[in-house]
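Let me begin by presenting the structure, written as structure tokens, before commenting on it.
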Amino acid sequence: DRLALEMALNVSSDEFILQADWLPGSQVHLAVTTPSFVKVYDLSLDAISPVKCLSLLTSSIVGLSLVRCAHPTSGQRGPTALILAADGTLYSEPFHLPDPSASGDASD
């Protein structure tokens, strides 16, 4: 099966895709990285509008790693983006996405 994503890339600025990765533990969340942004799509909902968009103000993005780790304050485990900027700065951004195992069924 194929699904087309609408990326809205700026062709005049030589925008290109660096990488595309599934978020850890997800079968529907796809992160697409360019030098200008990281967009996360929930493909179970929509292939046009991202559910999260990250960008850097002072530098371009050169790399992205997606890890699953505990949030420092809540302790909940979830996907976190580690974004490497061209100036060498490493940023982290936790994703607050719905837990697919929390279906509301208490019979488990």
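Spin-label model, R68 to A85: label points 7 Å out along the Cα-to-beta-carbon direction sit 3.0 nm apart. Leaving out ligands, DNA and RNA, what percent of the accessible area of the range 8-80 is carbon and sulfur, probe 1.4 Å? C and S fraction of accessible area: 54 percent.
Using heavy-atom solvent-accessible surface (probe 1.4 Å) with all chains present, what is the largest-first order of D1, D21?
Descending accessible area places them as D1, D21.
Averaged over its residues, the range 1-80 has an accessible area of 64 Å² per residue, based on protein heavy atoms and a 1.4 Å probe. Only protein heavy atoms count here; under a 1.4 Å probe, I83 has an accessible surface of about 10 Å².
The values are calculated or read from the model by the stated rules, or taken from the named source; none is laboratory data. Since the model is a prediction, treat every value here as computed from it, not as a measurement. Note: ideal-geometry Cβ built from the backbone for every residue, glycine included; neighbour counts use all protein chains shown. SASA here: full protein model, heavy atoms, side chains in, ligands and nucleic acids out. Shrake-Rupley method; radii C 1.70, N 1.55, O 1.52, S 1.80 Å.
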